Amino acid sequence: MLQMPRRSDTSAQNSSVGGAAVSIRALSKRYNGLDAVVPTSVEIESGDFFAIIGPSGSGKSTLLGMIAGYIDPTAGQIVIDGRDVVPEPIYRRNIGMVFQNYALFPHLTVAQNVAYPLKIRGVPKDEIARRVAESLGMVRLEAFAARLPSELSGGQQQRVALARASIYKPSILLMDEPLGALDKNLRDEMQEEIKRFQQEMGVTVIYVTHDQQEAAFLADRIAIMRDGAMTQIGSPRALYEHPNSRFVAEFLGEASIFPLKSVSAGRAGEARQAVLEGGTPIRIRTDAEAGPGSFACIRPERVTVGPKAKALDNAFAGTVRESLYTPGSIRYRVELDGTGLSLKIRVLPQADMEFYEAGSTVDIGWSADDMSLLKE
Amino acid sequence: MKTLEKTLWSTWSRFLTCLVGAVLIGFLVPILTVVLVSFQSKSYLSFPPSDFSIRWYEQFLGNTDYQSAIWNSLAIGAASATLATIAGVCTALAVIRAAVPGAAVVSVLSVAPAVLPQIVLAIGLFPISVWLGLQGTLGAVILAHAVVGLPFPFITVCGALSSYSSRMEIASMSLGANAFQTFRLITFPMIRAAVVAGFIFAFAASLDELVLALFLSSPTTRTLPLLLWEQLNFQVTPEIAAAASVVLAVTSLLIVAAILLPRLGKDK
């Protein structure tokens, strides 16, 4: 399995501010007899950018709330740099937190907001002034020090929140959908800013979002949550290329997914013969055990369209039902003749490439290695 | 069609304007009457007043009964409004922020004194105040008026707390502030205007409260409304009108202050 380079590989350069390692052990939360988070364990390395994604109600914010300390866990431990912080109140955990709606104090100026954690810690006045100036410089808001939060744009408020949550050099930064209230362009810009900020600080970040692209852009590792459990944890690439369930495959990126009827016997990692519900034979890679309720999954960009498709493990004749040219990619929906199955396909436009209009017949195909077997 | 509709609307809005005007006049005429009859020299209440004089104000201010009643009213008002405000802020925090079990019941109980007949409260408080040995002391009236004043700070502070997310307090604590620091530096500044307004309303409620004072005070702890009431039973002179006008002026000033103070806070 290929891994993205981790922040921890270079954290030696930032040893002065390095982040803490977080170990979550059998942490759970029940509300009125319902599991918001089932016992969950995960190790987050020092300096890691760890994203938690999942649909709303999947327990990701509850998990973050327990780490921050404003939600009491039902059971389990949260070990930060070797110390279980569950018995400690929120204000002793030395964690920085950035909230979705920023939670800036409306009656304090930008500079007073950023100074707040230092004032609480009894830092001398002149040092506060120096560090606030430095911190506002880092998020490019020096000119706004005397403004009230209400006089700032959403992106500026977010940067104040980032400066405030990091000025006391917490070893962990928690972010709860920090870009959720921003528009698309600003979100892209802020993603880069957050990434740069985290790398400069070397801090461990735990980042909750429902936006899979944001998570893939920012995170070294992603945990996908569903019904209060982490269904899979891995690098963005591992999750995309080796999803362990239909849920993960559908949540992260696009996929065409078909129920499987049977899979022939064979060794793990080998291409095997399989039959889809409806009787269509296919060849599939199997690194998971096939069982009842298994699925075959193919990503849209792994499907070849045109004459070359005939030579591939899975080759079909099909009819284009929808075709759409968008900047940077062509999207098709192709129905496989005689099967009733329909596939999502995405190809990179090339200079001499043929564009198939809806209604035209095409050859499509894909390698067995690109078709993965999924559990429900 | 259009013009007919327009005519109907303008007639309707003119009617509403007149109605509102009539209601306001209905409220204001008796109040203004009191003020008008207080500025005359005759020794009985006559309307319309035939001359202008401040003699009853002079007499009112020189009257030691009134002086001690004013002093009692101010002391009781300040103390009971302080108690009511402290209790109201704490209860509002518990109901809105802590989501204590039975929060709905606590809210209803905290608002009840503003709605329940005060005579019921008075009949209930009388034996308690005897039992506590407070009967006839300033303490009895202060406690009773704190109960009557409680709904005001409770309602205003609940409103202020509901107007912003508890994320503010969580954010403060995540930044290292304990519960007390968070209240002092974040919560209180954000609800300050509501606290002040609640205090003023509680103070005003105490200033013109009669029924409880009637039950719970003694001749030495007589409040201004109680003295007025006693005077009314005994002799009706424009001095009472002068005293009532003073109560009216003070209460009006308080209410204007309650309305203006939050705005001043915002400009800051």
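None of the figures in this text is laboratory data; all of them are computed from the coordinates on show. In this text the structure is predicted, and so the values were computed from the model without any measurement. Quick reminder, even Gly has a Cβ in these numbers, built from the backbone with ideal geometry, and neighbours come from all protein chains shown.
The rows are residues; the columns are (1) farther than 30 Å from residue B:259 by Cα; (2) basic (Lys, Arg); (3) surrounded by fewer than 22 Cβ atoms within 10 Å (Cβ to Cβ).
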residue: B:111; (1), (2), (3): no, no, yes
residue: B:115; (1), (2), (3): no, no, yes
residue: B:123; (1), (2), (3): yes, no, yes
residue: B:127; (1), (2), (3): yes, no, yes
residue: B:137; (1), (2), (3): yes, no, yes
residue: B:150; (1), (2), (3): no, no, no
residue: B:165; (1), (2), (3): no, no, yes
residue: B:175; (1), (2), (3): yes, no, no
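Tell me yes or no: at least one residue of region B:176-190 is within 13 Å of the chain's Cα centre (by Cα) and in a helix (DSSP H, G or I). Taking every residue of region B:176-190 in turn, none turns out to be within 13 Å of the chain's Cα centre (by Cα) and in a helix (DSSP H, G or I). Exactly one residue out of A:274, A:317, A:296 is of a type in the set (A, V, I, L, M, F, W, C), over 31 Å from the mean Cα position of the chain (by Cα), surrounded by 13 or more Cβ atoms within 10 Å (Cβ to Cβ) and under 20 Å from residue A:249 (Cα atoms): that is A:274. Taken as a whole, the condition of being among the aromatic types (Phe, Trp, Tyr) and within 18 Å of residue B:138 (Cα to Cα) applies to residue B:215. The set of residues in region A:149-198 being within 17 Å of the chain's Cα centre (by Cα), within 24 Å of residue A:93 (Cβ to Cβ) and of a type in the set (D, E, K, R) consists of A:176, A:177.
For region B:223-260, taking the residues that are β-branched (Val, Ile, Thr) and assigned to a helix (DSSP H, G or I), the one that is nearest to residue B:156 (Cα to Cα) is identified as B:259.
Taken over region B:167-189, the criterion of being of a type in the set (D, E, K, R) and either in contact (Cβ under 8 Å) with a residue 24 or more places away in the chain or more than 7 Å from chain A (Cβ to nearest Cβ) (or both) is satisfied by B:169, B:184. State yes or no: is residue B:142 over 30 Å from residue A:171 (Cα atoms), in contact with a helix residue (DSSP H, G or I) (Cβ under 7 Å, 6 or more places away or on another chain) and within 14 Å of another protein chain (Cβ to nearest Cβ)? Taking the combined requirement at face value, the residue does not satisfy it. Among the residues of region A:222-263, those identified as surrounded by fewer than 20 Cβ atoms within 10 Å (Cβ to Cβ), closer than 16 Å to residue A:299 by Cβ and of a type in the set (A, V, I, L, M) are A:238, A:257. Looking only at residues that are surrounded by fewer than 23 Cβ atoms within 10 Å (Cβ to Cβ) and among the aliphatic types (A, V, I, L, M) in region A:186-196, which one is farthest from the other protein chains (Cβ to nearest Cβ)? Filtering region A:186-196 for residues that are surrounded by fewer than 23 Cβ atoms within 10 Å (Cβ to Cβ) and among the aliphatic types (A, V, I, L, M), the one farthest from the other protein chains (Cβ to nearest Cβ) comes out as A:186. In summary, residue A:181 fulfils each of the numbered conditions (1) in a helix (DSSP H, G or I); (2) out of contact with any Asp or Glu (no Cβ under 7 Å at 6 or more places or on another chain) with the single exception of condition (1). For region A:44-61, the count of residues that are within 14 Å of chain B (Cβ to nearest Cβ), closer than 19 Å to residue B:181 by Cα and in contact (Cβ under 8 Å) with a residue 12 or more places away in the chain is zero. Of the residues making up region A:171-185, those that are buried (at least 16 other Cβ atoms within 10 Å of the Cβ) and away from chain B (no Cβ under 14 Å) are A:179, A:182. Flag: residue A:128 matches the condition of being in contact with a Lys or Arg (Cβ under 7 Å, 6 or more places away or on another chain), buried (at least 18 other Cβ atoms within 10 Å of the Cβ), among the hydrophobic types (A, V, I, L, M, F, W, C) and free of Cβ contacts under 8 Å to residues at least 24 places away in the same chain. Any residue at all in region B:149-160 that is within 14 Å of chain A (Cβ to nearest Cβ) and not in a helix (DSSP H, G or I)? No - not one qualifying residue is present in region B:149-160. Restricting attention to region B:40-65, the residues that are without any contact (Cβ under 8 Å) to a residue 40 or more places away in the chain and either in a loop (DSSP other than H, G, I, E, B) or of a type in the set (Asp, Glu) (or both) add up to 11.
Of all the residues in region A:156-170, those that are at the interface with another protein chain (Cβ under 9 Å from one of its Cβ atoms) and more than 9 Å from residue A:117 (Cβ to Cβ) number 1. Taking first residues from region A:75-97 that are away from every other protein chain (no Cβ under 14 Å) and touching a residue at least 40 places away in the same chain (Cβ under 8 Å) and partners that are surrounded by fewer than 18 Cβ atoms within 10 Å (Cβ to Cβ) and basic (Lys, Arg), the Cβ contacts under 7 Å between residues at least 6 apart in sequence or on separate chains come to A:76/A:25; A:77/A:25; A:79/A:25.
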